[in-house]
Amino acid sequence: MSSSRPPRPTPLKRYGQNHLVDTNTLKAIVRMAAVQPDDVVLEVGPATGQLTKHLVAKAALVHAFEIDARFADGLQSLATEHTNLRVHMGDALKSPLDRLDPAPTALVANLAYNIAIPLIMTTIVELPSLHRWAVMVQKELGERLFAEPSTKAYSAVSVLAQLACRFESSRFVARSVFSPQPRVDSLFVTFVRREAGDAVAPADYAALSALVRRAFSQRRKLITNSLAGLTGGGRTISRDEIVAALAALSLPPTTRPEELTPPVFIDLARELKWI
């Protein structure tokens, strides 16, 4: 039987496009995303709308951001069929996501590898309305988000993600279910924002972000060396201050950043009077 469906545009490397083409995997991640009838979903990179079609059937509204103009006609056609779909053509990372109305409550997306971590961290900070993330990311990146201290994957992103969010679930996704097939496997990861009593205040989170990123900027350095010279709020942290703060936490001056849990980073920041 012939089909009137237009051919899928050739994926562009500059956009990191790898389209999910396995129906069973698609159904599985839709279940894991657990979109509710009152959710306002933010989807980034809908392409031909294979995931979008499932989202609009479950959510109150879907904001779909697509940077590749070749998909515009197809997405607009889908929006004509589904009045709860709003298509935004452009780069989500360069868009004022905080001005979306209604504000998103969940991010559900197959994220291009080159924007995954920047988009996740941006939405944590800039979209306080967002309470749930259900994202397809490169396996290595997915493992980094909720990695344990003193492991190879543990990084500044691990600390910052865990300070803001709680891990919920993950699913291994083989590279063979994508077209074109990427060189790495993926993870579909779901996590939720911590409740107010269990979360870092927004103003403190920004300050902690600067401290944590500086601590991991030269991973193998002692934290006394990597944090020394950090400036903010009209002051500069000295090595002696860091040694004293570590001692107050019963930690030696030879401590490295990857040895500190996210809560201990908070304690350290408080001892340094950084937050």
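The values are calculated or read from the model by the stated rules, or taken from the named source; none is laboratory data. Being a predicted model, the structure only gives us computed values, none of them experimental. Glycine gets a Cβ as well: all are built from the backbone with ideal geometry, and neighbour counts include every protein chain shown.
Points worth noting:
- Search result, residues across the range 124-143 that are assigned to a helix (DSSP H, G or I) and buried (at least 22 other Cβ atoms within 10 Å of the Cβ): Gly142
- Test for Thr224: is it part of a loop (DSSP other than H, G, I, E, B), of a type in the set (Val, Ile, Thr) and either out of contact with any helix residue (DSSP H, G or I) (no Cβ under 9 Å at 6 or more places or on another chain) or not assigned by TED's automatic domain parsing to the domain that holds Leu20 (or both): no
- In the set Arg235, Arg220, only one residue is over 24 Å from Ala199 (Cα atoms) and within 26 Å of the chain's Cα centre (by Cα); that residue is Arg220.
- For the range 180-191, the criterion of being farther than 26 Å from Leu26 by Cβ, in the same structural domain as Leu51 (by TED's automatic domain parsing) and within 12 Å of the chain's Cα centre (by Cα) is satisfied by no residue at all.
- Taking the numbered list (1) more than 24 Å from Asp267 (Cα to Cα); (2) of a type in the set (Gly, Ala, Ser); (3) over 10 Å from the mean Cα position of the chain (by Cα) in turn, Ala164 passes all entries but (1).
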